[in-house]
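S.K.: The structure under discussion is supplied below as structure tokens; questions concerning it will follow.
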Amino acid sequence: MKLSRNSQAMEFSPIRKFNPIATEVQESGVKIYHLNIGQPDIKTPRCFMDAVRAFDEDVLMYEQSQGDIKFLESICDYYKREYGVGYKPTDIVVTMGASEALTMTFTTIIDPGDEILIAEPFYSNYQTFALVRGGDIRPIPTSSKEGYRYAAKDKLEAALTDKTKAIVCINPGNPTGLALTAEEMDVIADFVIENDLWLIADEAYREYVYDGMKPRSFANIDRLKENLIVIDSVSKRFSACGARIGFVASKNEEFMTGIIKLAQSRLCVSTLEQIGSTELFKLPSSYYEEMKEEYCKRRDAAYEEIMQIPDVICHKPGGAFYMMVDLPIDDAEDFLMFLLTEYRDNNETVMFAPAAGFYSTPGKGRSEIRIAYVLESGYIKRACQLIRTGLEAYKAKMSK
Ligand SMILES: Cc1ncc(COP(=O)(O)O)c(C=O)c1O
């Protein structure tokens, strides 16, 4: 018996594959600062738990495949209130996180051999999402020097082929933290319309943009109506990663008909988590403002500490809660293994995601790491100090 070729071609997630080693290290009493995973330490708003606790039915029934109507309405109200976007409940399908929203979207639009454009480095699971459908990721190269910017007509056109079916825009970006400007979003909109492409806009971090930038959705660009598929989630926006609630929104009726067939085949998403999430989307705009301020503080703390590392290259990110850091080393995985298994400072060490897994181009990103600034500022500072002092110890060991 054999596994499928697609399964054999898949890689383990660079974000999670070192977890078994980390668990052993923690069990031995060492404290690890986790900058490897986008799991914020911020409290999930109480309204979520209160709504779940208030559930008082005798039978926990299946929900509608498309989603609980009250939840769908609360999502539509949020889009109207915060962005002036007029989604109807029939434009939305609730999914098990943005992750299922993406696998279902790819299943609905991608045939084997189709190409999907995405700026590289990109959230590593896209590689797996595409592979499952037999699609090929075609990376748009970017560089730290240029702040990972990719939304220019010449760059987009250089990546286009006659197999291109879609472009994915993670905005703001994971792992780069790039926040697109309104002008860049317009360039992308023109490009997808001219070339008759799907635009998959992954806006899971939409509210988290800094330095006076305004949160924006591609859904605000009316002429994109037929091309646009928005991917959204409660995980990051409300620090509710374990709820496993996300959704797809699109005004393209053909796409919605296709994706609903898939939604029906997996019956529905957790009833209780939808009840909790309904309340999350009723939170006032001030909630996003507060969170944004907090993440901005964390970003500044991380950036300040990281820039103390000699010969480091790091572009200050404008959004989300990730930062790419190019270290003066050859192999970030080897450095991480050193931190996990050998390096201790006051019985503490640190963990990040080696960045090679965020590239589909072989050999790229080996000296880079991604840090998730999801811990409070004091912990972030300490964790970044451990990267610096750990690097000194690693270099001393390597030069022996
Ligand atoms: C860009 C991006 N898309 C999708 C996801 C998946 O999110 P969810 O927890 O909603 O499945 C993540 C999670 O880190 C992400 O960073």
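The values are calculated or read from the model by the stated rules, or taken from the named source; none is laboratory data. This structure is a prediction, so every number in the text was calculated from the model and none was measured. Backbone-built Cβ (ideal geometry, glycine too); neighbour counts: all protein chains shown.
S.K.: Look through GLU368, GLU392, GLU376, GLU342 and report the one residue that is of a type outside the set (Ser, Thr, Tyr) and closer than 20 Å to GLU24 by Cβ.
M.R.: Values: GLU368 fails: closer than 20 Å to GLU24 by Cβ; GLU392 fails: closer than 20 Å to GLU24 by Cβ; GLU376 fails: closer than 20 Å to GLU24 by Cβ.
After ruling out the rest, the residue left standing is GLU342.
S.K.: Considering GLU254, GLU226, GLU207, which residue is without any contact (Cβ under 8 Å) to a residue 12 or more places away in the chain and either buried (at least 18 other Cβ atoms within 10 Å of the Cβ) or away from the ligand (no atom under 16 Å from the Cβ) (or both)?
M.R.: Values: GLU226 fails: without any contact (Cβ under 8 Å) to a residue 12 or more places away in the chain; GLU207 fails: without any contact (Cβ under 8 Å) to a residue 12 or more places away in the chain.
Unique residue meeting the criteria: GLU254.
S.K.: Report every pair of residues separated by at least 6 positions or lying on different chains whose Cβ atoms are under 8 Å apart, first residue within the range 184-203 and in the same structural domain as ARG216 (by TED's automatic domain parsing), second charged (D, E, K, R) and surrounded by fewer than 16 Cβ atoms within 10 Å (Cβ to Cβ).
M.R.: VAL187/LYS153; ALA189/ARG223; ASP190/LYS153; PHE191/LYS153; PHE191/GLU157; ILE193/ARG223
S.K.: Separate question: Considering the range 229-251 alone, what residues qualify as being away from the ligand (no atom under 16 Å from the Cβ) and under 19 Å from GLU100 (Cβ atoms)?
M.R.: SER250
S.K.: Give the residue that is surrounded by the fewest Cβ atoms within 10 Å (Cβ to Cβ), with candidates limited to residues of the range 77-112 that are within 16 Å of the ligand (Cβ to nearest atom) and free of Cβ contacts under 8 Å to residues at least 40 places away in the same chain.
M.R.: That would be THR103.
S.K.: Also, quick follow-up: Can you tell me which residue among ALA383, ALA393 is in contact (Cβ under 8 Å) with a residue 40 or more places away in the chain and under 23 Å from the mean Cα position of the chain (by Cα)?
M.R.: Among ALA383, ALA393, only ALA383 is in contact (Cβ under 8 Å) with a residue 40 or more places away in the chain and under 23 Å from the mean Cα position of the chain (by Cα).
S.K.: Among the residues of the range 19-49, which ones are away from the ligand (no atom under 16 Å from the Cβ), in contact with a helix residue (DSSP H, G or I) (Cβ under 8 Å, 6 or more places away or on another chain) and modelled with pLDDT under 95?
M.R.: Hits for the range 19-49 are ILE21, ALA22, VAL25.
S.K.: Further question on the same structure: Do the conditions hold for GLU115, that is, is it within 16 Å of the ligand (Cβ to nearest atom) and of a type in the set (D, E, K, R)?
M.R.: no
S.K.: Go through (1) crowded, with 24+ Cβ neighbours inside 10 Å; (2) out of contact with any Asp or Glu (no Cβ under 9 Å at 6 or more places or on another chain); (3) acidic (Asp, Glu) one by one and return the number of the condition ASP196 breaks.
M.R.: Of the numbered conditions (1) crowded, with 24+ Cβ neighbours inside 10 Å; (2) out of contact with any Asp or Glu (no Cβ under 9 Å at 6 or more places or on another chain); (3) acidic (Asp, Glu), the odd one out for ASP196 is (1).
S.K.: Based on this model, can you work out whether TYR359 counts as closer than 11 Å to PRO175 by Cα, among the hydroxyl-bearing types (Ser, Thr, Tyr) and surrounded by fewer than 24 Cβ atoms within 10 Å (Cβ to Cβ)?
M.R.: Working: closer than 11 Å to PRO175 by Cα: yes; among the hydroxyl-bearing types (Ser, Thr, Tyr): yes; surrounded by fewer than 24 Cβ atoms within 10 Å (Cβ to Cβ): yes.
Spelling it out, TYR359 is indeed closer than 11 Å to PRO175 by Cα, among the hydroxyl-bearing types (Ser, Thr, Tyr) and surrounded by fewer than 24 Cβ atoms within 10 Å (Cβ to Cβ).
S.K.: Is the range 310-327 home to any residue that is assigned to a loop (DSSP other than H, G, I, E, B) and either within 27 Å of GLU24 (Cβ to Cβ) or of a type in the set (Phe, Trp, Tyr) (or both)?
M.R.: Yes, the range 310-327 contains at least one residue that is assigned to a loop (DSSP other than H, G, I, E, B) and either within 27 Å of GLU24 (Cβ to Cβ) or of a type in the set (Phe, Trp, Tyr) (or both).
S.K.: Take the residues of the range 149-165 that are touching a strand residue (DSSP E or B) at 6+ places or on another chain (Cβ under 7 Å) and either of a type outside the set (A, V, I, L, M) or in a strand (DSSP E or B) (or both): which is surrounded by the fewest Cβ atoms within 10 Å (Cβ to Cβ)?
M.R.: Checking each candidate, the answer is THR161.
S.K.: If you don't mind, another one. Collect the residues in the range 267-286 that are over 11 Å from VAL94 (Cβ atoms) and either of a type outside the set (A, V, I, L, M) or more than 16 Å from the ligand (Cβ to nearest atom) (or both), keeping them in residue-number order.
M.R.: Looking only at the range 267-286, we keep the residues that are over 11 Å from VAL94 (Cβ atoms), and these are 267, 272, 275-276, 279-286.
Once the filter is applied, which keeps residues that are over 11 Å from VAL94 (Cβ atoms) and either of a type outside the set (A, V, I, L, M) or more than 16 Å from the ligand (Cβ to nearest atom) (or both), the range 267-286 yields LEU267, LEU272, ILE275, GLY276, GLU279, PHE281, LYS282, LEU283, PRO284, SER285, SER286.
S.K.: Kindly indicate which of GLU146, GLU207 is of a type outside the set (Val, Ile, Thr) and under 23 Å from TYR83 (Cβ atoms).
M.R.: GLU207 is the lone residue from the list that is of a type outside the set (Val, Ile, Thr) and under 23 Å from TYR83 (Cβ atoms).
S.K.: What are the residues in the range 352-377 that are out of contact with any helix residue (DSSP H, G or I) (no Cβ under 8 Å at 6 or more places or on another chain), touching a residue at least 12 places away in the same chain (Cβ under 8 Å) and not hydroxyl-bearing (Ser, Thr, Tyr), if any?
M.R.: Correct list: ALA353, GLY357, PHE358, ALA372.
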